[in-house]
Each structure stands twice: as structure tokens, then as C-alpha cells.
Amino acid sequence: MKNLYNQYGLQTVINASGRMTKLGVSTISEKVGKAIMEGGSNYVVIEDLYREAGHALAKMIEAPDACVTSSASAAIAMAVASLICGNSVQNVHNLYDMLPNVKKREVILLRGQNIDFGAPVAEMIQVGGGKIVDAGYSNGSTVADIEAAVTENTLAIFFVKSHHCVQKEMVSVEETVALANRLHIPCIIDASAEEDLKKYIKMGADFVCYSGAKAIEGPTSGFCACSSSEYADNMRLQFKGIGRVMKVGKETVMGLLEAVREYLAGERVCCITKAELEEFAKKVGEIKGLKTSIIKDEAGREIYRCKIDFDKDEYGIDAVEAVKRLAEGEVAVYTRDYQMNLGSIAIDPRPLNSHEELEYIYTKLKDIVK
């Protein structure tokens, strides 16, 4: 299981956690790699590339327009900044100087969605010049909570579609978009890891921010589906301002376009089938002290994982210690460990590169307590 990273003293990593930024998100296909190579081997007028790539993405996802970005988080910051600056280059050049005099920059964010996904989502909004206004409660929110937070200074209503967020007793994305449309307030959705690239823009959202490296399995990149070309043009104008520090290279843009094409064509599939995951769960469940089950994604996506519950008295160590030991050695195994303090971890098959990796996880779980 050796790879290029070993040359620099880095561990080989088996990613059974998910498409996480901390683990390099995902791996690219041969066709995406070829597009990156060809894109990087030629010159192009970057401003034209950004515009035409946005149009190409928009056509693929059936949106009015789109803006390529370096990541989903960059898309968030640029979307907020574009609402503040509009189509004024002077505003783009002087965003932070003008902010003290800008009243209409409040971005409503549900408390149950004010999350840290490796960086605070609120920070991304603030980088774009937005001022956070919390709505609702951490354990529940309603449409009325959002509407009560709206003032004449409201710039946008923000919604985070993620497993990181509180799921129970929360206003739905459909209700949020409908409210924003009724009040004629721009709605921004962080759909970073979402699998449906068409749903939210068709629903009526104005800015839908996606990662190019998560569900799509492209290079480190992102894009924002926009409800109008005016919104997309104003976002692209941000490359002359804060977007400059978030610029996306020509080779990455071409890799992203190919990755989206492959994704929508269904050309990339998980190498581990659900039946194979169930067989893995059965084997692991036979290890003394471990109990397994197949669970569905917390946020309702059609993603299935193997949950492993630890009985410390029988297995010898608890889930927290198991996570630590799995990550040790020449080949590190990273699992989905959000519930380890409650005694369980999960195996996400989507990022695995081979059946060999799944077998290695089973072997390591069997052997780490010896």
C-alpha cells in the first residue's frame, strides 16, 4: 500500500471516514487527471475561462449560470461579498474599507447550523463582509424564527445542508427557500457535500455552493450555482478583490468540468457494494466485543455505512482508544468517529480505493487488541 506520500515521510492513509478535507477529500479519476494535465499544459485568458466554465457548468446542472471557485467555502465568501459589492469594481477593490458604512450586510444563520466543519461557517460569511444574525435555537428552529430576524438590513438568508448540523426539529431547506423568495431576500445554501447538483437551484435558491472534491470526486475546487447571470457575473467580479486570494487555476477548472461531467453521467461508482459492506459488517460482528449494523446517512442522503459498537469489557479497549490505534502505524485507518465518545464508530465505504483496504480494516480491528 505504498504511495507517493511515503517518500516524504507520510503515512499511507485508508480513508473510511468520508470525503473529508482533513484527509484530502477524495481521489480523482484517470480522465479528470488527464484534463488537469492538459489544462495545465496550455495557456488561456483566465477571465474568459472563468466565464465560459461557469456557463458550461450551468448547462450541465440546468442552472441560469454558475461561478467556479477554489472551494465551497470560497463560494460562500464570494457570494456574500458579491451581494454587498454588486457590479461595482470600486466596491470590490475596497470591500473592507466600505463595510463600516454598509448597513445592509446582515446574514441570517440558524443557530443549529452555526457549525465548524473544520473551519467555522460563520467565518466564511464574515470573510465576505457579512454580519451574522442568529435565528432560532440550537435544538430547534422554525420559519417564524427566521422571519423574526429579518430587518431592512438583511442581506441574505443562509442555510447549511450538512450532517454536521442539528437535524431534529429544524426548519427545512424547502421552507427556508420559500420564505426567502416570498420576502425577496437572496437565499444562499451551503450544499458542499450534497449529491444533487440541480435540486436547490430549481427549488428557488439564489446561490448554491458545492465542493468539487466531495460527492463529485474532482480536484480541490468548488462552484456556485446562481439563479441569474447577474449574480454569477458579480461573483466572478470578486476575483478582482477577495477572490484573488481564492483564485482557482486553469488546470483545476478543467479537472472540475470533467469531474462534473463524469459525475452526472454516473461514470464513477463506489468500488464497495452495499452487499459487500454487509458481508464486512457480518465478519466484524463476529469479533468478540464488537457489534455491527448498517446505518443510513444522518442527513438523509442515500449513503450507507457500517456502524461498529464497542464493548470495552469484551473487546479490551473502547471506541476512543480504537480510533487512536487504528490511526497508528505505517498504514493509518481513519474512520467516521463522531460518535466514538458514545462507544461507536462507522466505516464509510465511498472513499475506499479497493477491496484490499476494506479487508485491511477488518484485519486491523481484529489484531489491534492482541
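The values are calculated or read from the model by the stated rules, or taken from the named source; none is laboratory data. Here the structure is a predicted model, which means the values were calculated and not measured. Reconstructed Cβ throughout: ideal geometry from the backbone, glycine too, with neighbour counts over all protein chains shown. To get the accessible areas, we keep the full protein, side chains included, count just its heavy atoms, and leave off ligands, DNA and RNA. Shrake-Rupley method; radii C 1.70, N 1.55, O 1.52, S 1.80 Å.
Can you bin segment 2-147 into rounded, prolate or oblate? Criterion: square roots of the alpha carbon gyration tensor eigenvalues sorted a ≥ b ≥ c, rounded for a/c under 1.5, prolate for a/b above b/c, oblate for the rest.
oblate
If you roll a 1.4 Å probe over the heavy atoms of the protein chains, what accessible area per residue do you get for segment 216-345, in Å²?
48 Å²
Apply 1/(1 + (r/R0)^6) to the Cβ-Cβ distance of Val331 and Asn139, taking R0 = 45 Å, and write down the FRET efficiency to the nearest 0.05.
The pair Val331/Asn139 has a calculated efficiency of 0.65.
Counting each DSSP H run of 4 or more residues in the chain as -39500 (n - 2.57), what helix-only mean residue ellipticity at 222 nm follows after dividing by all residues, to the nearest 500 deg cm²/dmol? Intermediate results must be reported in sequence, preceding the final value.
On the way: 15 runs with 142 residues, N = 370.
Mean residue ellipticity, 222 nm, calculated: -11000 deg cm²/dmol.
Name the most mobile residue of Leu256, Leu342, Leu109, meaning the one with the largest mean-square fluctuation, in a Gaussian network model of the chain with Cα contacts below 10 Å.
Maximum fluctuation in the GNM of the chain, among the listed residues, is at Leu342.
I need to check one value: relative contact order of segment 63-176, counting alpha carbon pairs closer than 8 Å and at least 6 residues apart, in percent.
RCO, segment 63-176: 29 percent.
Given an 8 Å cut-off on Cα distances and at least 6 residues of separation, report the relative contact order of the chain as a percent.
Across the chain, relative contact order equals 23 percent.
Mind pulling the angle between the C-alpha long axis of helix 274-285 and the longest principal axis of the chain? Nearest 10 degrees, somewhere in 0 to 90.
Between helix and principal axis, roughly 50 degrees.
Using a 1.4 Å probe, what is the accessible area per residue for segment 47-98, in Å²?
38 Å²
For Ser70, what is the net charge nearby, where nearby means another residue's Cβ is under 12 Å from its Cβ and Lys, Arg count +1, Asp, Glu -1?
Here the count lands on +2.
Please give the length that would be gained between Lys59 and Glu123 if that part of the chain were fully extended, namely 0.36 nm times their separation in residues minus their C-alpha to C-alpha distance (nm, one decimal).
Working it through step by step, the gained length comes to 19.9 nm.
Counting only protein heavy atoms and using a 1.4 Å probe, what share of the accessible area of segment 158-249 belongs to carbon plus sulfur, as a whole percent? Provide the component values of the computation, followed by the final result.
Working: 1580 of 3320 Å².
The C+S portion of the solvent-accessible surface of segment 158-249 is 48 percent.
Taking a ≥ b ≥ c as the square roots of the eigenvalues of the Cα gyration tensor of segment 190-314, is the shape rounded (a/c under 1.5), prolate (a/b larger than b/c) or oblate?
prolate
Starting from segment 316-370, pick out the chymotrypsin sites (Phe, Trp or Tyr not before Pro) whose DSSP state is loop and whose Cβ has at most 15 other Cβ atoms within 10 Å.
Here the sparse-neighbourhood loop sites are Tyr338.
Using a probe radius of 1.4 Å on heavy atoms only, what accessible surface per residue do you get for segment 145-211? Whole Å² is fine.
38 Å²
Taking the Cα centroid of segment 139-155 and of segment 246-280, what is the distance between the two, rounded to the nearest whole Å?
Segment 139-155 and segment 246-280 have Cα centres separated by 36 Å.
When the chain is modelled as a GNM with alpha-carbon springs shorter than 10 Å, which of Asp297, Asp313, Asp348 fluctuates the most?
Ranking Asp297, Asp313, Asp348 by mean-square fluctuation puts Asp313 first.
Through the Karplus equation 6.51 cos²θ - 1.76 cosθ + 1.60, θ set to phi - 60°, convert the phi angles of segment 202-209 into ³J(HN,Hα) values in whole Hz; use x for Gly and Pro.
Calculated HN-Hα couplings, in order: 5, 5, x, 5, 9, 9, 10, 9 Hz.
Taking the alpha-carbon set of segment 1-83, what are its Rg and Dmax in Å?
16.8, 48
Quick one: angle between helix 173-183 and the longest Cα principal axis of the chain, in degrees between 0 and 90, rounded to 10, please.
The answer is roughly 10 degrees.
Can you pull the percent of Cα pairs in the chain with separation above 38 Å?
Every Cα pair in the chain considered, those over 38 Å come to 23 percent.
For segment 47-118 and segment 206-235, what is the separation of their Cα centres, given in Å?
9 Å
To test your reading of the geometry: what angle, between 0 and 90 degrees and rounded to tens, separates the Cα axis of helix 355-367 from the longest principal axis of the chain?
Between the helix axis and the principal axis of the chain, the angle is about 60 degrees.
Provide the per-residue ³J(HN,Hα) series for segment 210-215, in order, calculated from phi with Karplus coefficients 6.51, -1.76, 1.60 and θ = phi - 60°, each as a whole number of Hz, with x at glycine and proline positions.
With the stated coefficients, segment 210-215 comes to 10, 8, x, 10, 8, 4 Hz.
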